[in-house]
Structure formats: structure tokens, C-alpha cells
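The values are calculated or read from the model by the stated rules, or taken from the named source; none is laboratory data. Please read these numbers as outputs of a predicted model, since none were measured by experiment. With ideal geometry, Cβ positions are generated from the backbone for all residues, glycine too; neighbour counts draw on all protein chains shown. Remember, those area values only see protein heavy atoms, side chains included, never the ligands or the DNA or RNA. Shrake-Rupley method; radii C 1.70, N 1.55, O 1.52, S 1.80 Å.
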Amino acid sequence: MLYVGIDVGTSMVKAAAFDASGREVAVESRPVGLDIRDGCVEQDMDELYAAVVDVLTTLTSGLDGPVSLAGLTGQGDGVWLVDAEGRPVRPAISWMDGRAHELLGEWMASDVFTSVFRRTGSAMFPGCPGPVLAWLDRHEPKVLDAAATALYCKDMVFQRLTGGRATDVSDASMPFLDPRTRTYDDGALALLGLGHRRGLLAPVSDPVAVGDASGPGLPAGTRMANGPYDLPACALGAGVTRPGDGLLIIGTCLASLVATDVLDLEAGEPAGLYISTDRRGQWLRAMPAMVGTAALDWVLNMTGVRHEEVDALLDATPPGANGVQVLPYFAPSGERAPFVDPRLRAELTGVSLETTKGDLVRATCEGIAFAARHCLEAAGLTGTLAVCGGGTRSPAWLRLFADVLGRPLRVVEGEVGARGAVLAAAERYGVELDVASWTRPTVVAEPDAGRAERYTLGYAKHLEHLAEARIRARGRAGARG
């Protein structure tokens, strides 16, 4: 028997097939586009769904054996408006979108932002459904009137493939779900002025929804499970379920997650979110920073450096990047973890005529690693740390992460989100799999003690630089206001 995991990402759609031992036997992927303009980031749902069908058709046509079941995961947040048949009523608004930053600023200046966090454990950011739906209610109310459901990405695909209209507790965690009752919090909806749009929210299936595939790409009748979304799916695929253990995903989104059995909505600065899981009484304390590999991609594009040159440049450039520092907050919607600041922007300092491409690349890689350390500390990491995502394909950057974080990294390679989606589907259908075998790390990256000590000082400078940048961002916002 074979098992298929589908991961509908922000820039890439992937499908992977696994055998009963968890060995990845085949993978197919297709890039998908983003429409980025004037702080707005949208996606064509039909293009995305066509990519899903394409990868599934290609994958399953080459498999040597029947597909027992399929698990579905995908990017979280954003707003995916569909009609009763699951067809789009407008392009999807991505989690990277920034159009609602002024509205979020209003909520942060009042008690709305903090009040919603204390109710739901979700610190909103411009691209999450709360601000986006409220923005649409102000500016495109007829679009909301025409929609039957405001879905998340994987839910849109699930409806097209099976006809089922549902989300799960992980996607619903941002920002409307009460993590104690695992149901929508009508008080939070009222605070956001969205009580009259309550009917747009998809039913929360707890545990995850299941259905038989009837759309193209999978054999008719294939058992399918919807969720969790990509962050908790990666945690499952990396074996991160014990409280205190963590996962760092070095992808488009730099996501830090720590498993916990403690829910504290009153302490600390509202930031990140508590992701509800299928295991009642357990959550993932998540600090998903906005820009991960996307920041490095931007710098590589500006400097003309190819991805395959990164390791050599990192090896040839000393820690500290010869004084160059990068605050890697390149997203048009600012930052959301481990703090929320819609006005924050990237900064590059310490540059001179002697600065090399290697300095710029290393400073960017270091800045992203410092941001990861900030997030993991805020999330409460105390145990082991697994790592996955596209950034792990660079051995030199992986060593840099280990040095900055000062701890061993359990590297889990392959399609970790798709793997986690299969494990969630198997649990939902009562299919017994050897989870330890499925989640075993492929390698462990150890830190160097000398470099780790140096990076502890570099991290302190990073935090100082960040504090100054946030003051400047507030000053710019005040001047425009």
C-alpha cells in the first residue's frame, strides 16, 4: 500500500508518495504564481487547483501500487472566498498581503488587538483572516455577499476534490477559534466587527474532516483527510509532539513551533499564536516570522548570486560578515512574530565600498538565523529541536543556524509537510504506521562552541538593532499619520 501527501504551498504545490515504512518513493511539484503589487499579494485559485491536479495525476500515474489514503495540507491564513460549488468569487488574498495594515494599526492602538489575543491566543497580522475579512467588508462588501464560504487554502482544494465544506482546528486557530472550547469565539468576531459575516466561516471539523476523492488527480474513492495546515503538519512529520520540543521550518515563512500542554493567554506581549492540534490538551506555540528564505532570495536576486553559490560564499566569509548587519524584515506587511509590527521594514547596515557579495549573503543568513533564535526563545523551547524546509539544503547555512542557536539540529529531509499530512490521515482513519520510523532524522547538525559564543554577542547586537528599527518605524508611522 502507498500513501500520498499533498502540500499546497505558497510558491510550490507538491505531492509525495510514501510506502508503509515512511520511505519517500516519488515526488512531484509545480510552481505557482503570486501577484504582488502595491502591498497586495494575491493568488489565482484556479491556477493553484490546476497545479494540484497536475501533480497528483503525474504522481499517481507512475506509482507501482494502489493508493491507500491521502492527506492534505497547505499554506495557512489569507482569505479564499468561494461560492457554494467551491469556485472562486475573487482571487485569493495571501497570508503575505499587507492591504489591511492600517486597519490592524487601528486595532493595535485600541484594545481590540490585545482583547482578541486574550480570547483566542492569536496575535493578528495584516494577512490573517480577521483583518482581511474586515477590510473586504469595508471595501468589497459585494464580494463577501456573493461568497458562500471564506476558506483557507487546503480547504478550498478539499472542497474541489471531495465536495466537503470544512476546515480544521489548526487553520481555524487564526484568529477566530477559542483554543479552550475548540469552537469559534463569537466575542472575537464581534470585536472585529464581523458578527454579521459569521456564516462565511467554514464548519470546524474536530477531528479533521474526511471524504472520498471524486475530483481528478486521485483514483475515485480514495480516502482523504483535510489537515492540519502546513505548520502543524510539519511538526507531525518531524515527530515534534512532546511538550518542550520544537521545530524550525526554514521556508518562505520562517516558522518556529514548540509543543506545549500549557495554555497561557494572559502573559507576555501578544504575538504568534497557539495552534490547536488533534490531540486535545496539546497545542503548538507558534512564532511564524513573515520572511524566511524569501529574504535571502531577494538578496541573491539583487546581487546576481545563484543559489548553488551560497555555500561557497558562506564558507569564504567570516562570522559577523565583516561588520555588515541585515534585519531581514522584507515583507510588505511588516512582521508578526515574535512581535507584531506592520510598519517594520528591512535594514542593511555596515556596508562600505569594501563590502563583498559574500558579506551581504552571510549577513542575510545570519539575520534570518537571529530572527529564528528570537522566535524560538519566545515560543518557550526547552527540549530538542528539529529543522526542515528548503533552507536545510544548504549545509553551510545549516551549520550557521546550529551555531547561532547554540544547539544540535535534528534535520528531517524530504516533504515533511506531506509526510505529516499522511500521518494525520492515518490516525484519523485508524491506520497503524510506525511513527518513529516515519519521523526519524536523516542527520544531526552540531554547533561549534567557539562560533556559538561569538554569535551570542551577535544576537545581542541584533536585538539592539531591532529595537532601534522599531522606534524608527513608529516614528515614520507617526509622521505619516
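Keeping all protein chains in the complex and leaving out DNA, RNA and ligands, what accessible area do you get for Thr317 with a 1.4 Å probe, in Å² to the nearest 10?
10 Å²
Using square roots of five times the C-alpha gyration tensor eigenvalues, list the equivalent-ellipsoid semi-axes of the stretch 290-340 in whole Å, biggest first.
Each semi-axis is √(5λ); the values are 23, 14, 9 Å.
Could you go through the stretch 179-190 in sequence order and give the Karplus-derived ³J(HN,Hα) for each residue, using 6.51 cos²θ - 1.76 cosθ + 1.60 with θ = phi - 60°, rounded to whole Hz, and x for Gly and Pro?
Karplus values, whole Hz, x for Gly and Pro: x, 7, 9, 6, 10, 4, 9, 5, x, 5, 4, 5.
What ratio of Cα Rg to 2.2 N^0.38 Å holds for the chain?
Normalised by 2.2 N^0.38 Å, the Cα Rg of the chain equals 0.93.
What nm value, rounded to one decimal, do you get for the distance between Asp212 and Glu47 when each label is placed 7 Å out toward the C-beta?
3.5 nm
Can you give the accessible area of Asp261 in Å² (nearest 10), computed on protein heavy atoms with a 1.4 Å probe?
90 Å²
If you filter the stretch 1-96 for trypsin sites (Lys or Arg not before Pro), then keep DSSP loop positions with at most 16 other Cβ within 10 Å, what is left? Working shown, then result.
Details: sites: Lys14, Arg23, Arg37; in loops: Arg23.
In loop regions of the stretch 1-96 (DSSP not H, G, I, E or B), the sparsely surrounded trypsin sites (Lys or Arg not before Pro) are Arg23.
Rounded to the nearest 10 Å², what accessible area does Ile275 have for a 1.4 Å probe in the complete protein model?
0 Å²
For Lys14, which lysines qualify as cross-link partners when the Cα separation must be under 21 Å and same-chain residues fewer than eight apart are set aside?
Lys154
From the phi angles alone, apply the Karplus equation (6.51, -1.76, 1.60; θ = phi - 60°) to the stretch 247-252 and give each ³J(HN,Hα) in whole Hz, x where the residue is Gly or Pro.
3J(HN,Hα) across the stretch 247-252, in whole Hz: 9, 10, 9, 9, x, 3.
Measure off, as a whole percent, the carbon and sulfur share of the 1.4 Å-probe accessible area of the chain, all protein chains present.
The C+S portion of the solvent-accessible surface of the chain is 51 percent.
Taking H as built 1.01 Å from N, whose amide H comes closer than 5 Å to the amide H of Ala92, not counting residues under 5 places away?
Amide H to amide H, under 5 Å and 5 or more residues apart or across chains, Ala92 pairs with Gln43, Met45.
Going 7 Å from the Cα of Thr181 along its beta-carbon direction, which residues of the stretch 116-139 have the amide nitrogen within less than 12 Å of the resulting point?
120
If you roll a 1.4 Å probe over the heavy atoms of the protein chains, what accessible area per residue do you get for the chain, in Å²?
On the way: 17880 Å² over 481 residues.
That works out to 37 Å² for each residue.
Placing one identical point scatterer on every Cα of the stretch 12-91 and ignoring solvent, what is log10 I(q)/I(0) from the Debye formula at q = 0.21, 0.26, 0.27 Å⁻¹?
-1.03, -1.32, -1.38
For an R0 of 60 angstrom, estimate the FRET efficiency from the Cβ-Cβ distance between Ala84 and Thr241 and round to the nearest 0.05.
Once rounded, the FRET efficiency stands at 0.95.
Sort Thr167, Thr442, Thr355 by heavy-atom solvent-accessible area, probe 1.4 angstrom, most to least.
Ranked from most to least accessible, the order is Thr442, Thr355, Thr167.
Would you calculate a helix-derived [θ] at 222 nm for the chain, using -39,500 (n - 2.57) for each DSSP H run of n ≥ 4 and dividing by the full residue count, to the nearest 500?
Calculated mean residue ellipticity at 222 nm is -11500 deg cm²/dmol.
HN-Hα J couplings of the stretch 310-316 from phi, Karplus 6.51/-1.76/1.60, θ = phi - 60°, integer Hz, Gly and Pro as x?
With coefficients 6.51, -1.76 and 1.60, one gets 4, 4, 5, 5, 5, 5, 8 Hz.
Please list, ordered by chain and number, the residues whose modelled amide H lies under 5 Å from the amide H of Ala386; skip anything fewer than 5 residues away on the same chain.
Counting only residues 5 or more places away or on other chains, the set is Gly246, Leu247, Leu248, Arg410.
Counting pairs of alpha carbon atoms under 8 Å apart in space and at least six apart in sequence, what relative contact order in percent does the stretch 274-344 give? Don't jump to the answer; show the numbers that get you there.
Values: 52 pairs, mean separation 24.0, N = 71.
34 percent.
Starting from the Cα of Lys461, draw a straight line to each of the lysines and keep only those under 26 Å, dropping any in the same chain fewer than 8 residues away.
Lys357
How long are the three semi-axes of the equivalent ellipsoid of the stretch 376-481, in whole Å, if each is the root of 5 times an eigenvalue of the C-alpha gyration tensor, listed from largest down?
Each semi-axis is √(5λ); the values are 35, 22, 12 Å.
Specify, per residue and in Å³, the volume enclosed by the convex hull of the alpha carbon atoms belonging to the stretch 338-420.
137 Å³
Under Stokes-Einstein, with the Kirkwood radius over Cα pairs standing in for Rh, what whole-number D in µm²/s applies to the stretch 177-275 at 4 °C and 1.567 mPa s?
78 µm²/s
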